[in-house]
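Below: one structure, written as structure tokens.
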Amino acid sequence: MITSDRYQINDFLESIANKSIFKLNGLSIKNEYPRLRQTIKKYKKKIEEAAKEPMDEIKDIMNSDSVIRVIDGNTQTFTQTIDLTNGDFYNITWSVTKAMEVVDTYDLPPMSFFVNVISDGIAPGAIESQRLKAVANSKDPIFIVSYPLLNTRTQMVVIDGNHRLMNKILSGEERINGYYLDNQYQDKALAGELDRTLYKVHYNLGAIINYMVGEINKSKLNKSLLRV
């Protein structure tokens, strides 16, 4: 059984291993992936191993739908639930502290975003009404990460600045400044080994499914797969 407070993915993994996920979604298999079940077994083991690792800067386990907390007064993190099939899920956590370090290390410039374009990056449960007034006049850039596994229009997550963004929406302003960590950088801001492993496994399984239904060829699949 592969489950914890932070993830429940047994049924999801088994539905891929036994290929029932294809029938469930009305998909036809055009390419077989060799050693599919063995690959799933390896991924399960990697997740279980990663779950034993201490999180990089986090001492609390975050298991609510979407939550921002400050650990030891200096490490800010953001957690979002990623829903899978049959009620399975995993919680993915980013460290805002790490995101700031990524911006500094790679000299990423602030960008101007249209508020209406990135509004779906506000996660459910992220807004607390009492916080809106407290940050009403804040001009600090927000932090946005790309998460290509989301079933949303922009596949973006606001990991810092949800209340600033909501204030812009409520006041009718069109733009907000922020830092954007795309696919090249977002995983560098993940909070711990479990987060990185869950992301890589989910990403790889998505690529394998795309190959099996004929959306990508073997060459593109091999280039897409992340090392787990």
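The values are calculated or read from the model by the stated rules, or taken from the named source; none is laboratory data. Keep in mind the model is a prediction, meaning the values are calculated, not measured. We place every Cβ from the backbone using ideal geometry, glycine too, and count neighbours over all the protein chains shown.
Residues are listed down the side, and each one gets a yes or a no for (1) aliphatic (A, V, I, L, M); (2) at pLDDT below 95; (3) buried (at least 20 other Cβ atoms within 10 Å of the Cβ); (4) not in a helix (DSSP H, G or I):
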residue	(1), (2), (3), (4)
163	no, yes, yes, no
173	no, yes, no, yes
176	yes, no, yes, yes
180	no, no, yes, yes
183	no, yes, no, yes
199	no, no, yes, no
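From 159, 142, which residue is touching a Lys or Arg at 6+ places or on another chain (Cβ under 6 Å) and surrounded by 20 or more Cβ atoms within 10 Å (Cβ to Cβ)? Talk me through it step by step, then tell me what you get.
Values: 159 fails: touching a Lys or Arg at 6+ places or on another chain (Cβ under 6 Å).
Only one candidate passes the filter, namely 142.
Yes or no: residue 151 polar (S, T, N, Q) and either within 28 Å of residue 114 (Cβ to Cβ) or at pLDDT below 95 (or both)?
Working: polar (S, T, N, Q): yes; either within 28 Å of residue 114 (Cβ to Cβ) or at pLDDT below 95 (or both): yes.
Yes; evaluated as a whole, the condition is true for this residue.
What is the one condition in (1) at pLDDT 90 or above; (2) surrounded by 18 or more Cβ atoms within 10 Å (Cβ to Cβ); (3) in contact with a strand residue (DSSP E or B) (Cβ under 9 Å, 6 or more places away or on another chain) that residue 58 does not satisfy?
Condition not satisfied by residue 58: (1).
Test residue 203 against the criterion of being more than 20 Å from the chain's Cα centre (by Cα) and outside any loop (DSSP other than H, G, I, E, B), and give yes or no.
Considered against the rule, which asks whether it is more than 20 Å from the chain's Cα centre (by Cα) and outside any loop (DSSP other than H, G, I, E, B), residue 203 comes out as no.
Go through (1) assigned to a helix (DSSP H, G or I); (2) over 12 Å from the mean Cα position of the chain (by Cα); (3) more than 14 Å from residue 120 (Cβ to Cβ) one by one and return the number of the condition residue 139 breaks.
(1)
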